[in-house]
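K.L.:
Structure in structure tokens, see below.
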Amino acid sequence: MSEQTAQSQERKKVIFSAIQPTGTITLGNYLGALKNWIKLQEDFNCIYALADLHAITVRQEPAKFRANIYEAYALLLACGVDVEKSLFFIQSHVSTHAQLAWILNCYTQFGELSRMTQFKDKSAKHSDNINAGLFTYPALMAADILLYQADLVPVGADQKQHLELTRNIAERFNGIYGNVFKVPDGYIPKTGARVMSLQEPAKKMSKSDENINSYVAVLDKPEVIMKKFKRAVTDSEACVKYGEGKDGINNLMGIYSAVTGKTYEEIEKEFEGKGYGDFKTAVGEAVVEELRPVQERFSQFIKDKAYLKECYEKSAQIAEKISQRTLDKAVKKIGFVLK
Ligand code: TYM
């Protein structure tokens, strides 16, 4: 997107979202967020980022981290993020994010951050590295969103609590200084918002799960995807029906629905009298077909580092200009002396 297009699109509602470029991007990320990112580009002014600053709240191995950033950037282009229509940059390339994050840290309460379930989960998981960044992570996320005066934030259900906090921070700041930030709304899909682990369906599907059978990666080979779905944990009822105590089947139905667009009733009808084996095969095949074109495009993009650079640099330049306006406004209101 050119700066001029970005400006002429200012009347359209603004979308902001980001994803961490750590490890494998999963079917959960894809159905919970990325599929929406692509759709929204048609009607909104979309601004997307790779949240590399968020990623270092957990220790990263440098060479692998860099490779993951390139991979995630290429993969999102392959999913359909289009830099002619949207901005798509690397968070650390736009300095306003870290600057506003510091400011917002000073308007965020210790008690609020202590209640974040992601902080509790991650600090239990990484008990040897409970750093301050892990704790103040939501203030950086608030900065990401508020810098662009975003109206809507497409995310999976796990980010709902962070979004609520973003709204609270914006309202608190506006309450003191007047209307500086737009208070954003979440945009959470009806199906696919919480894709669960294929092995422990009471837990969300996560790229950091040690059991690789628990998640499907967007770049998994077709035979691996099929194998993972065949091994998915279900129940002993052998009846494809949405219901209580059927977390595994509910999850597979959610995935199938998000990929095919079919309702739960339609799915129940389709598999009436059929066993879980048939259903798992159908879910696996639908996912393979959904991801096939993404994987093909990815293999092209990842080879072309020069093209990736051209895309992220162009987007970052425009993002810097747009976000600087909000940062200047906040800085002035607080009482800092402007440069
Ligand atoms: P991250 O990188 O963990 O996840 C990226 C997106 O994928 C969604 N998601 C899921 N959706 C459904 N089922 C799942 N199992 C699942 N796992 C992940 C997430 O909800 C998210 O939308 N803090 C964010 C990144 C971020 C951000 C932001 C998001 C940084 N700044 C500003 C929105 C706005 C994160 O770690 O997402």
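K.L.:
Please list, in order along region 262-274, the HN-Hα scalar couplings obtained from phi with the Karplus expression 6.51 cos²θ - 1.76 cosθ + 1.60 (θ = phi - 60°), rounded to whole Hz, x for Gly and Pro.
P.N.:
Values per residue, Gly and Pro as x: 6, 7, 4, 5, 4, 5, 4, 5, 4, 10, 4, x, 9 Hz.
K.L.:
Could you tell me which residue out of Gly111, Ala306, Thr24 lies farthest along the dipole of the chain toward its positive end? Charges go on the beta carbon: Lys and Arg +1, Asp and Glu -1, centred on the Cα centre.
P.N.:
Gly111
K.L.:
How much of the DSSP bridge set in the chain is antiparallel, in percent, rounded to the nearest 5?
P.N.:
Working: 2 of 16 bridges.
Counting only bridges with both partners in the chain, antiparallel ones make up about 10 percent.
K.L.:
In region 223-314, what GluC sites (Glu not before Pro) fall in a loop by DSSP, with at most 14 other Cβ atoms inside 10 Å? Show your work: numbers first, answer last.
P.N.:
Values: sites: Glu223, Glu237, Glu244, Glu265, Glu266, Glu268, Glu270, Glu272, Glu285, Glu289, Glu290, Glu296, Glu310, Glu313; in loops: Glu237, Glu244, Glu272.
Answer in residue order: Glu237, Glu244, Glu272.
K.L.:
Any idea what the relative contact order of the chain is, in percent, if you count C-alpha pairs under 8 Å spaced at least 6 apart?
P.N.:
Details: 521 pairs, mean separation 77.5, N = 339.
Reported relative contact order: 23 percent.
K.L.:
For the chain, what is the charge dipole size about the Cα centre, in debye to the nearest 20, if Lys and Arg each add +1 at the Cβ and Asp and Glu each add -1 at the Cβ? Walk me through the numbers on the way to the answer.
P.N.:
Numbers: 45 positive and 42 negative charges, 165 e Å.
Dipole of the chain, to the nearest 20 debye: 800 debye.
K.L.:
Once you sort the root eigenvalues of the Cα gyration tensor of region 40-150 as a ≥ b ≥ c, which label holds: rounded (a/c under 1.5), prolate (a/b larger than b/c) or oblate (the other case)?
P.N.:
Working: a/c = 2.15, a/b = 1.36, b/c = 1.58.
Oblate, since a/c reaches 1.5 and b/c is not below a/b.
K.L.:
Further question on the same structure: For Lys227, give me every one of the lysines with a C-alpha distance below 22 angstrom, ignoring sequence neighbours fewer than eight places off in its own chain.
P.N.:
Lys203, Lys204, Lys207, Lys246, Lys274, Lys280
K.L.:
Taking θ = phi - 60°, what integer Hz values does the Karplus form 6.51 cos²θ - 1.76 cosθ + 1.60 yield along region 275-280, in sequence order, with x for Gly and Pro?
P.N.:
Computed from phi, the couplings for region 275-280 are x, 5, x, 4, 5, 4 Hz.
K.L.:
Grab the Cα-Cα distance for Phe336 and Asp235, subtract it from 0.36 nm times how many residues apart they are, and report the gain in nm with one decimal. List each step's numbers first, then the result.
P.N.:
Working: separation 101, 0.36 × 101 = 36.36 nm, distance 6.07 nm.
Here the segment from Phe336 to Asp235 would lengthen by 30.3 nm.
Here, each number is a calculation from the coordinates, and none is a lab measurement. No experiment lies behind these values; they were computed from the predicted model shown. With ideal geometry, Cβ positions are generated from the backbone for all residues, glycine too; neighbour counts draw on all protein chains shown.
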